[in-house]
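Remarks on the structure that follows.
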Amino acid sequence: MSLPANWVRYTTEDGKEYFHNQETNVTQWERPAWPQSQAPAGLSADGETSDVFQYKPTTSDLELHERQSDKSGNMVEMMSQSTEDTMGKSSGHSLTMTENETVSLHDAPGGRIQTGENSGMSSASGGGSNNRTAISGVITADSADSSDSGMPGFAGSMLTYAQHFFDVNTDDVVRRLKLALLPYPPQPSSVREELRARPDFYGPFWVATTAVLFLAATGNFARVIEAGDHKDFKPDYGLVNIAAAMVYGCLLAVPLIVRASLYFSGDDSDSIDIKQMICVYGYSLAPTIPASILCLVPLNQIRWMFCLAGLVVSLMFMHANFWVDVSVKAAWLKWIVVIMPGATLATTFLVYKIHFFSYHA
């Protein structure tokens, strides 16, 4: 059917049609209506033909279609073309679809969505600049970028695999932080089961980054307090490097060492979930953040108490959410799985207490 000016017809994969206005950048399911004053002869305002035509082929037409079908097997196509020609002649104008009125799905438009009472489209808002619209299971973007990562092959597969570990929301991260920071009262068992079934890397990354900043900052703040004369005090930016080396180094070294030990032991690779270990170890660093704030109290005994308390909370979280799930045959491998995370956590807290709070005028 003929469309009003600036409107283009598109089709989804299942053949359902929708329409896009190139001037107003509006996309909608409903066929656009012609202005009453501009509707072509033989068409109503909604774009439908005002008359009903019945095609009655002549004998010559039937013979022509039969001969053509015997030669090329395209009888249906010829009959359809003849029907369109006859309808066009009867109505006084052509009803054939021009090339620019039907466009491939791969070039589907973006733009604003014309929402209506019966509209099947919905606008998905979230990031603001990269809003996407779902049209019968086909995703189109407001920008020229497509929903695909655009990186075929190994890189695209790795990106798709990594996205799974960052698919968490704020509520998920908050529940897991409570699980790591508050051993009492016990959190619901559903939170622990969710952590086992769906480990993430988003929370551990930001916990580790925040821990680096807090360890370095509180170490310098404590030195300011102990220095007395603030005018002569110079911050030690090397504390940032030490904190980053401890936190990020252990976060990477622990799973690598455990994975290598598992490989050389010949044990089943499924006996230890490395992804779960990374997730749990990352969240186990969360107690370092409140402990570092409490260590600003200028009393050595209080600082030792807070550091040891933070270490105990971290180890309890590791035990409840990872160590109890370890099932390996080799006894030495199980000791490595238990000792490595515990030793690195203890090293982090002890180095923080001994080195970050030692000030020499």
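Since every read-out is calculated from the coordinates, none of them should be taken as a lab result. Keep in mind the model is a prediction, meaning the values are calculated, not measured. Quick reminder, even Gly has a Cβ in these numbers, built from the backbone with ideal geometry, and neighbours come from all protein chains shown.
Available extension along the chain between Ser190 and Glu13 is 59.7 nm, counting 0.36 nm per residue and deducting the alpha carbon span. For the range 190-355, the Kirkwood hydrodynamic radius comes to 16.9 Å, computed from all pairs of different C-alpha atoms.
The peptide list 278-288, 184-194, 2-12, put in order of mean Cβ contacts within 10 Å with the highest first, becomes 278-288, 2-12, 184-194.
Using the beta-carbon distance between Arg198 and Ala227 and R0 = 56 Å, what value does 1/(1 + (r/R0)^6) give for FRET efficiency, to the nearest 0.05?
0.75
Charged neighbours of Leu179, selected by a Cβ distance under 12 Å, balance to +2 (K, R count +1; D, E count -1). Counting Cα-Cα pairs of the range 267-361 in 10 Å increments starting at 0 gives whole-percent bin shares of 15, 42, 25, 13, 4, 0.
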